[in-house]
1. Anything in the stretch 142-172 that is over 19 Å from residue 112 (Cα atoms) and modelled with pLDDT under 90? List them, or say none.
2. Could you run through the stretch 59-103 and say how many residues are surrounded by 15 or more Cβ atoms within 10 Å (Cβ to Cβ) and among the small types (Gly, Ala, Ser)?
3. Going by the structure shown, is residue 111 within 24 Å of the chain's Cα centre (by Cα), at pLDDT 90 or above, in the same structural domain as residue 139 (by TED's automatic domain parsing) and aliphatic (A, V, I, L, M)?
4. For the stretch 83-104, state whether one or more residues are touching a helix residue (DSSP H, G or I) at 6+ places or on another chain (Cβ under 7 Å) and part of a loop (DSSP other than H, G, I, E, B).
5. Does the stretch 165-175 contain any residue that is touching an Asp or Glu at 6+ places or on another chain (Cβ under 6 Å), assigned to a strand (DSSP E or B) and polar (S, T, N, Q)?
6. Can you tell me which residue in the stretch 114-135 is nearest to the chain's Cα centre (by Cα), limited to those that are assigned to a loop (DSSP other than H, G, I, E, B) and closer than 19 Å to residue 148 by Cβ?
Amino acid sequence: MQTEFAHAQAQRYLAQRNRLAAASAVLGTISVLALGAAVTRDEQVVLVPVTSETLTVSSGGVDAHYLELVARDTALMLLNRSPESLDYWMSQILKVADPAAHGSLKAELVAIVDEQRGSDIAQAFVISGIAIDTDRLTATVSGKLKTFVGAQVIASQERAFRFAWARRGLSLGLTGFEQLSTPEQDQDQ
């Protein structure tokens with residue numbers, strides 16, 4: 001009788017072990033499949049909405065609309081300045097700078113600050129168009145650049161500026177900017 005009882009109990013333990021082994025195998029297979037899906041899937045970050053469209057940056061590349069919005073905001077921040085806000089202006093631009101380009105951008109900005117500090121010269125930029133190149137991570141922003149002395153407009157010219165970006169993980173960093181020559185400038189030279 002004890003042998004039959006021991007045999008029955010051993011059979012229950014064996015069945016229980018087999019069920020646990022099967023459950024472990026199923027969970028292991030699911031874990032491997034989930035890991036494979038996570039590794040091969042593009043990583044995405046959902047950005048705070050600043051427009052009615054959904055914006056994302058993924059490991060697969062930068063969305064053109066997102067690059068346009070970043071270029072627009074950076075151009076407005078960079079090209080609208082007054083002597084009263086130069087320190088804030090420079091610190092905000094350096095916040096969007098790529099770490100590798102931080103030194104060279106700071107040198108350019110310090111030169112602008114030194115030139116403009118203590119003067120009454122301010123400038124405002126009105127965007128008329130933005131051209132995006134997502135492959136090269138550049139944006140060309142064109143528009144009217146107005147220069148003021150006090151409240152009087154002393155110059156109003158069509159200008160174009162190119163902004164270059166670098167991608168680090170899922171974020172963009174400004175690597176450089178330059179003013180492009182326009183047909184008006186080429187005729188003057």
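The values are calculated or read from the model by the stated rules, or taken from the named source; none is laboratory data. Just so it is clear, the structure is predicted and the values come from calculations on it, not from any experiment. Positions of Cβ are generated from backbone atoms using ideal geometry, with glycine treated the same way; all protein chains shown enter the neighbour counts.
1. Once the filter is applied, which keeps residues that are over 19 Å from residue 112 (Cα atoms) and modelled with pLDDT under 90, the stretch 142-172 yields 151, 152, 153, 167, 168, 169, 170, 171, 172.
2. Count: 5.
3. Values: within 24 Å of the chain's Cα centre (by Cα): no; at pLDDT 90 or above: yes; in the same structural domain as residue 139 (by TED's automatic domain parsing): yes; aliphatic (A, V, I, L, M): yes.
For residue 111, the condition - within 24 Å of the chain's Cα centre (by Cα), at pLDDT 90 or above, in the same structural domain as residue 139 (by TED's automatic domain parsing) and aliphatic (A, V, I, L, M) - is not met.
4. Initially, the stretch 83-104 is screened for residues touching a helix residue (DSSP H, G or I) at 6+ places or on another chain (Cβ under 7 Å), giving 83, 86, 90, 92-94, 96-97, 102.
Now drop any that are not part of a loop (DSSP other than H, G, I, E, B), which leaves 96.
Looking for residues that are touching a helix residue (DSSP H, G or I) at 6+ places or on another chain (Cβ under 7 Å) and part of a loop (DSSP other than H, G, I, E, B), one finds at least one in the stretch 83-104, hence yes.
5. yes
6. Here is the first cut: in the stretch 114-135, the ones assigned to a loop (DSSP other than H, G, I, E, B) are 117-120, 134-135.
If we keep only those that are closer than 19 Å to residue 148 by Cβ too, we end up with 117-120.
Details: 117: 30, 118: 34, 119: 34, 120: 34 Å.
Across the stretch 114-135, the extreme among qualifying residues is 117.
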